[in-house]
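The values are calculated or read from the model by the stated rules, or taken from the named source; none is laboratory data. This structure is a prediction, so every number in the text was calculated from the model and none was measured. Cβ placement follows ideal geometry from the backbone for every residue including glycine, while neighbour counts extend to all protein chains displayed. Only protein heavy atoms, including side chains, enter the accessible area calculation; ligands, DNA and RNA are left aside. Shrake-Rupley method; radii C 1.70, N 1.55, O 1.52, S 1.80 Å.
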Amino acid sequence: MVSIGREFSDCFKYLFSVRKNDKCAGFFNYIFNLAQSLKNERRSSLAKGFINLILSLQYFTEADEISFSNITAEFVQEYYEWLKRKGIANSSQ
């Protein structure tokens, strides 16, 4: 998730100027739109990685969508622990 962090700047109203942006409707929606853009740029490997991130997070959260406000340090730590319990190796990136 860190690799896409810089892409969130449109969605932070307290750190950056507020802009109305449909891609901020939800975290999964935003990631999906980013993946579509990457696919259009013929960066399909990275796009597939983002789609896999969505699927993994949906499985973890048991939700179809989550808001950006749900992405906290505690959320990331819980997701990390969940991945470890599933036997998924640490990312090298």
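When the stretch 77-93 is examined, which residues are found to be open to solvent by 60 Å² or more (accessible area, probe 1.4 Å) and either of a type outside the set (S, T, Y) or within 13 Å of the chain's Cα centre (by Cα) (or both)?
Q77, E78, E81, K84, R85, K86, G87, I88, A89, N90, Q93
Among all residue pairs at least 6 apart or on different chains, which show Cβ distances below 6 Å where the first residue, located in the stretch 40-52, is closer than 18 Å to I88 by Cα and the second is among the β-branched types (V, I, T)?
F50/I31
Consider the stretch 26-70. How many of its residues are open to solvent by less than 30 Å² (accessible area, probe 1.4 Å), farther than 23 Å from G87 by Cα and not in a helix (DSSP H, G or I)?
Here the count works out to 2.
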